[in-house]
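Read through the structure below, which is laid out as structure tokens, and then see the notes.
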Amino acid sequence: MHDDAVSRRDFLYTSGAALHGAWIAANLPAIRAAAKHARAAAGTSAPFQTLSTAEARDLDAIAALIFPTDDTPGAREAGVIHFMDRALGDFAAESLEAIRAGLVELQATVDAAHPGAGAFADLPLERQAAILTELEQREEPDFFDEVRTLTVQGMFALSSYGGNQHDVGWALLGFDASPVFRPPFGYYDRPEGP
Amino acid sequence: MSPRQRTYSTRAEVDFVVVGSGAAGGVIAKELSTAGFDVVVLEQGPWRHPADYRHDEIDDGLGSRDPSDPQCFRRAEGDEPERRSAAYYLPVIGGTSVHFTGNYWRFREVDFIERSLLGPLEGTGFADWPITYQDLESYYTKVDWEVGVSGAPGPHDPPRSRPYPMPPLPVKSSGVLLERAALALGWHPFPAPMAILSQPHNGRPPCQHCGWCMGFGCEYHAKSSSLATMIPLAQASGHCEIRAESTVARIETDARGRVTEVVYFDKEGAQHAQPAKAVVLCANGAETPRLLLMSDSPRFPRGLANSSDCVGRYLMGNGQVHAYGRFEHPLNEHKSVQVTRVVWDFYDSDPSRGYHGGGGIDARFQFNPIGFGLNGLPPTAPKWGAEYKRMLGRYFNYTIDVNGHTTNIPLATNTITLDREATDRFGRPGLCVTYTDHPDDITIQKFFLERCKEVVAAMSPLEQWERPVRETRGQAHLLGTCRMGNDPATSVVDRFHRTHDVSNLFICDGSSFVSSGRGQPTMTIQALAFRAAEVIGDFARRREI
């Protein structure tokens, strides 16, 4: 893999408080405003404020490939595209230009491979998946990394940011957000022993 | 807004200006002010309060380093620097202790005298400290009781003069698994010493096990940050003003070479100067040397207190390696504190291995939901699609991360320097981290990765994997850059934290370290700070400053 070129966010999310702080430092100067904005705008029916409808359709299609809807809710049920729309207009605004350029290039890829097929979002799922695989396997998969990062954030961030609606992302993980908890924590520390 | 506190005028000289309010600065300010000295603490960061904290990976409510304050990283002098953060810390009142994990290992005797025990390491700054564990023991005990540390004695503990003030935090599944497996291997696991309360202590409540320690503020004040412990006592003394959002740019000296005042910018960018009889720098192992280098003058052409040319050199952190296991039954590791059991069986350097280094092992999880979604699965797992999604649910509550924490050898070429090609919004030069791992530091990490893999295997996981050892590309433990020593030619501060060159300038923070310890420096930073405050107070009372 591209160890040195690992996307900054992936690297920073990997391990540790310090790295987390650095990610915030590097990326989120306007973060408080963002949180307020996201809370105010939460809800699935809000119109897109940053993305065009066409951009939102393609990003939504990618997010739904990353977290498909099957026996449990996926990116669509979580409202990931609404998280993305708000994030890219706010605390992730520095990524917007790259995302837009990536979407234009994506359309060119679709046009070349499947002339007249329309947008990425119009392709059959298996063709979408083949293109996403190609994007992931590039030497510098910046677009894939950016969209995946936004998708994962939209799946698992606080629902007040517009994604993770009804906490479906947390349910997928089994994440317990309760601020007060009492032991035992897990199977192996039960009083009766593992 | 800051809590009620005494304020001081910049027109009058105070006894001490303390630069930085973190693990060291909080202790120094509390100790000197409660002893009756008039203290002004200059902290670049703002006040944060529990109401600000958020269990939110996108906005933790703590803020960040000023994004306009430039940092860069390079492997060696002469390399083209990467313009990015590389010295990680949190600029708020209370400093990085506000969002730390709270691992509070004491150093052991060996950490102070390793050079004498093992002999020299050619081409390095490997050296003994000018103080010993015995010199610090009573101050470690002060940290236990005044700051608040939970724990129980272990088989490898150095001697202690007083028991822990409270028992260890309740063991988690990771602790049970580590303990069982370590015992099966003939190792000696013991409860992790943590600066997080297991019982009410000094008016603060115990941990509520929310799981948001690492990288987040503790709204319960159960985590023993400087903000929760030392700062309120300093303010209550009636002799301390904590001056927030005050970014120090320069320490001024007079014709005799004595410090006279500290020049700083307020958040609006207006320049001020606080006169003081003496100054204590506690700005961390990156910002303290930066400040000294910025305070150069005709009398101190290489930077203040830098006749040794050691300011900014010998930067150390700690290595950290990761071996993971996934288990059949739920662990729910995302709740409660990070660490409940540790292993020190490989603490000492073993010359028979042919390289230098030692460390400790613990078991934790270390992921919140977004971080796990991005990087929590084994490297072979898909990054998207139905299988990726299914695996997240089968791994999140079933995975542990066994960590090895290791030594760094001090090298004169690993440095904090000024980046003259970049300035922050106050016109201060940027900070450059130059770092290349000593080969032994990589080798000891590989050794520890093998031990971590071995103990994970002994837990009988369903599967296990690891993160390969990588070269260091940034530091959170900022150590060694104004090292302590008896010889003014090879160190910056003496054994009492007084700079060799300037009699009324003191330094106490991670920069004072001579060796890196085994992975958890904050306990020792605070023990040093309690000791430094006592001796500095004695000097002041005897008019020896």
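The values are calculated or read from the model by the stated rules, or taken from the named source; none is laboratory data. Model, not experiment: these values are computed from the prediction. Methodologically, a virtual Cβ is constructed for each residue, glycine included, from the backbone with ideal geometry; neighbour enumeration extends over all protein chains shown.
Miscellaneous remarks
- Residue list for the stretch B:510-545, filter: buried (at least 23 other Cβ atoms within 10 Å of the Cβ) and on the phi > 0 side of the Ramachandran plot: B:Gly517, B:Gly519
- Residues that are of a type outside the set (Asp, Glu) and surrounded by fewer than 18 Cβ atoms within 10 Å (Cβ to Cβ) were ranked within the stretch B:250-263; the one that is nearest to B:Glu287 (Cα to Cα) is B:Val263.
- Of the criteria (1) within 13 Å of chain B (Cβ to nearest Cβ); (2) under 16 Å from the mean Cα position of the chain (by Cα), which one A:Gly102 fails: (1)
- Residue match in the stretch B:302-311 (condition: more than 30 Å from B:Ser150 (Cα to Cα), β-branched (Val, Ile, Thr) and touching a Cys at 6+ places or on another chain (Cβ under 7 Å)): yes
- Checking A:Phe91, A:Phe143, A:Phe156 one by one, the residue that is in contact with an Asp or Glu (Cβ under 9 Å, 6 or more places away or on another chain), within 14 Å of chain B (Cβ to nearest Cβ), more than 24 Å from B:Lys389 (Cα to Cα) and surrounded by 19 or more Cβ atoms within 10 Å (Cβ to Cβ) is A:Phe91 and no other.
- Scanning the stretch B:470-525 for residues that are in contact with a Leu (Cβ under 8 Å, 6 or more places away or on another chain) and either without any contact (Cβ under 8 Å) to a residue 24 or more places away in the chain or in a strand (DSSP E or B) (or both) gives B:Gln475, B:Leu479, B:Arg498, B:Thr499, B:Leu505, B:Phe506, B:Ile507.
- Some residue of the stretch B:51-65 being aromatic (Phe, Trp, Tyr), out of contact with any helix residue (DSSP H, G or I) (no Cβ under 8 Å at 6 or more places or on another chain) and closer than 30 Å to B:Thr415 by Cβ: no
- Only residues that are out of contact with any strand residue (DSSP E or B) (no Cβ under 9 Å at 6 or more places or on another chain) and more than 14 Å from chain A (Cβ to nearest Cβ) were counted across the stretch B:459-487, and they come to 2.
- First in the stretch B:219-245 and of a type in the set (Ser, Thr, Tyr), second anywhere and modelled with pLDDT under 95 and surrounded by fewer than 22 Cβ atoms within 10 Å (Cβ to Cβ), Cβ under 7 Å, 6 or more apart: none
- The stretch B:129-169 - residue that is of a type in the set (A, V, I, L, M) and touching a Phe, Trp or Tyr at 6+ places or on another chain (Cβ under 9 Å) and, of those, farthest from A:Pro183 (Cα to Cα): B:Ile131
- Within the stretch B:339-354, being out of contact with any Asp or Glu (no Cβ under 8 Å at 6 or more places or on another chain) and not small (Gly, Ala, Ser) holds for B:Thr340, B:Trp344, B:Asp345, B:Phe346, B:Tyr347, B:Asp348, B:Asp350, B:Pro351, B:Arg353.
- Flag if B:Glu80 is within 30 Å of B:Asn318 (Cα to Cα) and surrounded by fewer than 19 Cβ atoms within 10 Å (Cβ to Cβ): yes
- Residue check for B:Pro191: within 20 Å of B:Thr522 (Cα to Cα) and modelled with pLDDT of 95 or more: yes
- Selected residue (criterion: farthest from the other protein chains (Cβ to nearest Cβ)) from residues of the stretch B:68-101 that are outside any loop (DSSP other than H, G, I, E, B) and among the polar types (S, T, N, Q): B:Ser97
- In the stretch B:29-67, the residue that is farthest from B:His272 (Cα to Cα) out of those that are among the aromatic types (Phe, Trp, Tyr) and more than 14 Å from every other protein chain (Cβ to nearest Cβ) is B:Phe37.
- Single condition B:Phe426 does not satisfy, out of (1) in a loop (DSSP other than H, G, I, E, B); (2) within 14 Å of chain A (Cβ to nearest Cβ); (3) of a type in the set (Phe, Trp, Tyr): (2)
- Applying the criterion of being in a loop (DSSP other than H, G, I, E, B) and buried (at least 22 other Cβ atoms within 10 Å of the Cβ) to the residues of the stretch B:216-226, the residue that is nearest to the other protein chains (Cβ to nearest Cβ) is B:Phe216.
- Residue in the stretch B:232-240 that is touching a strand residue (DSSP E or B) at 6+ places or on another chain (Cβ under 9 Å) and farther than 22 Å from B:Leu90 by Cβ present: yes
- When residues of the stretch A:178-194 are limited to those that are over 11 Å from B:His209 (Cα atoms) and surrounded by fewer than 17 Cβ atoms within 10 Å (Cβ to Cβ), the one nearest to the other protein chains (Cβ to nearest Cβ): A:Pro194
Conditions (1) more than 27 Å from B:Pro206 (Cβ to Cβ); (2) at pLDDT below 95; (3) out of contact with any His (no Cβ under 6 Å at 6 or more places or on another chain), marked per residue:
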{"site": "B:Ser68", "(1), (2), (3)": "yes, yes, yes"}
{"site": "B:Glu77", "(1), (2), (3)": "yes, no, yes"}
{"site": "B:Trp129", "(1), (2), (3)": "yes, no, yes"}
{"site": "B:Tyr139", "(1), (2), (3)": "no, no, yes"}
{"site": "B:Val147", "(1), (2), (3)": "no, no, yes"}
{"site": "B:Asp157", "(1), (2), (3)": "no, yes, yes"}
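- Identity of the residue in the stretch B:383-416, surrounded by 24 or more Cβ atoms within 10 Å (Cβ to Cβ) and hydroxyl-bearing (Ser, Thr, Tyr), that ends up farthest from the chain's Cα centre (by Cα): B:Thr399
- Residues in the stretch B:180-215 that are in contact (Cβ under 8 Å) with a residue 60 or more places away in the chain, part of a loop (DSSP other than H, G, I, E, B) and closer than 28 Å to B:Tyr53 by Cα: B:Ala192, B:Pro193, B:Ala195, B:Cys207, B:His209, B:Cys210, B:Gly211, B:Trp212, B:Cys213, B:Met214, B:Gly215.
- Residue satisfying condition, being within 14 Å of another protein chain (Cβ to nearest Cβ) and farther than 29 Å from B:Asn368 by Cβ, within set A:Leu125, A:Leu172: A:Leu125
- Scan the stretch A:142-194 for residues that are assigned to a loop (DSSP other than H, G, I, E, B) and touching a residue at least 40 places away in the same chain (Cβ under 8 Å) and the total you get is 4.
- Among the candidates B:Ile370, B:Ile400, B:Ile409, residue that is farther than 27 Å from B:Leu197 by Cβ, of a type in the set (A, V, I, L, M) and within 11 Å of chain A (Cβ to nearest Cβ): B:Ile370
For (1) touching a residue at least 40 places away in the same chain (Cβ under 8 Å); (2) within 16 Å of B:Gly20 (Cβ to Cβ); (3) under 23 Å from the mean Cα position of the chain (by Cα); (4) buried (at least 24 other Cβ atoms within 10 Å of the Cβ), each residue gets a yes or a no:
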| site | (1), (2), (3), (4) |
| --- | --- |
| B:Gln271 | no, no, no, no |
| B:Lys277 | yes, no, no, no |
| B:Arg299 | yes, no, no, no |
| B:Gly312 | yes, no, yes, yes |
| B:Leu315 | yes, no, yes, yes |
